[in-house]
Amino acid sequence: IYGLEESNRVRALVMELVEGPTLADRIAQGPIPLVETLQIARQMAEALEYAHEKGIIHRDLKPTNVKLSVEGAVKVLDFGLAKVMEPVGAITPNASMSPTITTPAMTQAGMLLGTAAYMSPEQARGKTVDKRADIWAFGCVLFEMLTGQRAFPGEDLTDTLAAVVKLDPKWDAVGADVPARVRQVLRVCLQKDP
């Protein structure tokens, strides 16, 4: 945030304009080649690591919240659902986060906040989440970059949440050219048990 402006009793945030397509725009063209995927994924992981080191959980990482600049820089955007991590051992309400739910009254325990296809199982169940929910979402995005398809598809919200909670991704959709180490990273990111 570069600044705050006020006009006619309306407050606005001044933020950076990030030019370029979203990662969703890039994925819409089909699976992303391995070398390009790894370059994007590395920068996304560094952005999440930086946020986590500062005590911030994104809670809504998805391809539309990642911009790709023409210079090759990757920007993770929209920390609108971000949450400050609780200290270890702190007692917190049973809650997680969704971009369509934005009023303070609707962020109580048991509410779902985030984007269903990228929610971790605990987030989909309305439980308290920590940085591992971002790692799950990172795995979902990495899967999507490599395959051109969502890790947990569904015809509607209920089907998608059920897939997140109960099903495994279609691992055979990951191309044979993807190294074993990258496959291992995917499997670790997408473990159902945090």
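Scanning the range 184-194 for residues that are under 18 Å from the mean Cα position of the chain (by Cα) and either closer than 15 Å to SER120 by Cα or free of Cβ contacts under 8 Å to residues at least 24 places away in the same chain (or both) yields LEU186, ARG187, VAL188, CYS189, LEU190, GLN191, LYS192, ASP193, PRO194. Could we say that ARG42 is within 18 Å of the chain's Cα centre (by Cα), closer than 23 Å to ALA180 by Cβ, in a helix (DSSP H, G or I) and of a type in the set (D, E, K, R) here? Taking the combined requirement at face value, the residue satisfies it. Of the set (1) surrounded by 10 or more Cβ atoms within 10 Å (Cβ to Cβ); (2) farther than 16 Å from GLU71 by Cα; (3) not aromatic (Phe, Trp, Tyr), all apply to GLN29 but (1). If the condition is being within 30 Å of GLN149 (Cβ to Cβ) and modelled with pLDDT under 95, then the range 1-29 contributes VAL18, GLU19, GLY20. Looking across the range 138-162, the residues that are of a type outside the set (A, V, I, L, M, F, W, C) and outside any helix (DSSP H, G or I) come down to GLY148, GLN149, ARG150, PRO153, GLY154, GLU155, ASP156. Could you go through the range 91-104 and let me know if any residue there is farther than 26 Å from ARG42 by Cβ, at pLDDT 95 or above and outside any helix (DSSP H, G or I). The answer is no, given that none of the residues of the range 91-104 is farther than 26 Å from ARG42 by Cβ, at pLDDT 95 or above and outside any helix (DSSP H, G or I).
Of all residues in the range 161-183, those that are closer than 16 Å to VAL141 by Cα have Cβ atoms under 9 Å from Cβ atoms of residues that are assigned to a helix (DSSP H, G or I) and of a type in the set (Lys, Arg), 6 or more apart or on another chain, in TRP171/ARG183; TRP171/ARG187; VAL174/ARG183.
Of VAL182, VAL165, VAL188, which residue is assigned to a helix (DSSP H, G or I), surrounded by fewer than 19 Cβ atoms within 10 Å (Cβ to Cβ) and in contact with a Lys or Arg (Cβ under 9 Å, 6 or more places away or on another chain)?
Working: VAL182 fails: in contact with a Lys or Arg (Cβ under 9 Å, 6 or more places away or on another chain); VAL188 fails: in contact with a Lys or Arg (Cβ under 9 Å, 6 or more places away or on another chain).
None of the others qualify; the one that does is VAL165.
The values are calculated or read from the model by the stated rules, or taken from the named source; none is laboratory data. Source: prediction; values computed, not measured. A quick note on method: Cβ atoms are made from the backbone with ideal geometry, for glycine too, and the neighbour counts reach across all protein chains shown.
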